[in-house]
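Since the structure comes first, as structure tokens, the remarks are kept for the end.
The values are calculated or read from the model by the stated rules, or taken from the named source; none is laboratory data. Owing to the predicted nature of the structure, the values given are computational and were not obtained by experimental measurement. Using ideal geometry, Cβ is built from the backbone for each residue, glycine included, and neighbour counts are taken over all protein chains shown. We work out accessible area using only protein heavy atoms, side chains counted, and drop any ligands, DNA or RNA first. Shrake-Rupley method; radii C 1.70, N 1.55, O 1.52, S 1.80 Å.
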Amino acid sequence: MNAYAQHLSRLQAQAESALARSGFDALLIAAGIEKYAFLDDRPYLFQPNPHFKHWLPLTAHPNSWLLVRPGHKPRLVYYQPDDFWHVPPADPCGEWLAHVELCVIGRAEDALAHLHVPGRLAIVGEADAALEGLVPNNPAALLNMLHWRRAVKSEYELVQMRAASRRAVPAHRAAKAAFEAGASELDIHRAYLAASGHTDRDLPYSNIVALNEHGAVLHYQYQDPTPPTLSRSLLIDAGAQVNGYASDITRTWSGRDERFDALLAAMEAAELALVDEVRAGVDYRDIHLSTHRRIAAILVEQGIVRMSAEALVEQRVTSTFFPHGIGHLLGLQVHDIGGFMADDSGTLASKPEGHPYLRLTRRLEPGMVVTIEPGLYFIPTLLNKLRATPAGSAVNWGLVEHLARFGGVRIEDDVVCRSDGAPENLTRDAFAALG
């Protein structure tokens, strides 16, 4: 927990600096409230304010608050109702407890007595978390400073993210085994949950479990309960969560087809080469553009398109097969905030022209955690558009028709940018540890 104490000290210093620079005296962070479906009494899954769980490993504590003031311990207002309908939060415990001033309340409105402090307050949270006289104002200047710094992880945060990878990897292995046994998407998903120790409500994002052609849908949102007659491929994009920090891992598995296996091997090599480009000082946009050059080379080498790799990039043919960005920041959120910032004032770092879906445009710094997730897909709507262009005549449509039955390939690792050169691959390390 020494790493946690250092993490908290770092957050306190960052908050005090942001408060002074933005003209506020104290920072209030609302965990958030439980929300209900329209005209119903069924709650949605509670999602805590990421600013709240940045300070504390508390992810299921609606109506709680954190008060941060210069020169004081953080004050945690911990909501613990006397409830017989649902299981209330457990008594506060853990070594983090020694680092906060604790106030336990039984009613949400009782937080007011512990949050009214003199001075100008920066109140961070959703509008519906407001209490009488305490309405979230989310000052942009302060949030920009906090979001800018959040991209660089403390050692405590890296410990959580390593653990999140170690939690997800056995589940990926279980999903692969279920696929090889001919299971349906739903049963593969269930095997993943059982091996991860998660339920659906614990996952950092909804699992993508895509068999065969479904792998061509980037965010395939269903889990078919009926197994296909022949399971040719599995694309699974699934993570895990530890103390509010996420892993985000994608693997593609083959049912053994010579052409698809060759494509999969080429993408594996390209992904590892792109991971090696994660270095301090590198502009992440350059890694994205490097991905298009590597995808172009694969399209040529695999005989999918009969054009030069340079022409494929120049004419944006690669965007038909690789339409998304190479990755994003990862941490408290799967798509962690602050990816488009050029500085801590909120100036935007633009996306490269013609690449609207890239989620990260920053220069990499030691301690940043990013995903590297190249993909090559056979998406009918994009292929139909390509067919109608002059470049369409260079496509080996017979091979495309064959490979389209497999949907596509995506391989994704979670990678730490290090100060000493080579990146730390959280995903590959977790797979290697499993043996």
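Things worth noting here:
- Selection within the range 215-231 - exposed (fewer than 12 other Cβ atoms within 10 Å of the Cβ) and touching a residue at least 24 places away in the same chain (Cβ under 8 Å): Pro225, Thr226, Leu230
- Residue count, the range 159-177 (criterion: open to solvent by 10 Å² or more (accessible area, probe 1.4 Å) and within 10 Å of Tyr245 (Cβ to Cβ)): 4
- Sole residue being closer than 25 Å to Val278 by Cβ, β-branched (Val, Ile, Thr) and touching a helix residue (DSSP H, G or I) at 6+ places or on another chain (Cβ under 7 Å), chosen from Thr427, Thr347, Thr371: Thr427
- Among the candidates Leu434, Leu358, residue that is surrounded by 19 or more Cβ atoms within 10 Å (Cβ to Cβ) and in contact (Cβ under 8 Å) with a residue 12 or more places away in the chain: Leu358
- Extreme residue, least open to solvent (accessible area, probe 1.4 Å), among residues of the range 197-214 that are under 17 Å from the mean Cα position of the chain (by Cα) and polar (S, T, N, Q): Asn207
- Checked against the criterion of being of a type in the set (A, V, I, L, M) and in a helix (DSSP H, G or I), the candidates Val278, Val313 yield just one match: Val313.
- Test: residue in the range 268-278 that is in contact with a helix residue (DSSP H, G or I) (Cβ under 8 Å, 6 or more places away or on another chain), more than 30 Å from Met145 (Cα to Cα) and in contact (Cβ under 8 Å) with a residue 40 or more places away in the chain: yes
- Within the option set Thr318, Thr371, Thr389, being open to solvent by 10 Å² or more (accessible area, probe 1.4 Å) and among the hydroxyl-bearing types (Ser, Thr, Tyr) holds for one residue only, Thr389.
- Scope the range 155-182; condition over 17 Å from the mean Cα position of the chain (by Cα) and either among the hydroxyl-bearing types (Ser, Thr, Tyr) or part of a helix (DSSP H, G or I) (or both); matching residues: Glu155, Tyr156, Pro170, Ala171, Arg173, Ala174, Ala175, Lys176, Ala177, Ala178, Phe179, Glu180
- Out of Leu386, Leu376, Leu360, one residue alone is more than 26 Å from the chain's Cα centre (by Cα) and either hydrophobic (A, V, I, L, M, F, W, C) or assigned to a loop (DSSP other than H, G, I, E, B) (or both). It is Leu386.
- Test: residue in the range 248-268 that is open to solvent by less than 10 Å² (accessible area, probe 1.4 Å), part of a helix (DSSP H, G or I), closer than 30 Å to Ala181 by Cβ and aliphatic (A, V, I, L, M): yes
- Lone unmet requirement of (1) open to solvent by less than 30 Å² (accessible area, probe 1.4 Å); (2) under 26 Å from Asn207 (Cβ atoms); (3) more than 18 Å from the chain's Cα centre (by Cα) for Ala311: (2)
- Index of the failed condition, Pro118 passing every other in (1) surrounded by fewer than 18 Cβ atoms within 10 Å (Cβ to Cβ); (2) over 27 Å from the mean Cα position of the chain (by Cα); (3) without any contact (Cβ under 8 Å) to a residue 24 or more places away in the chain: (3)
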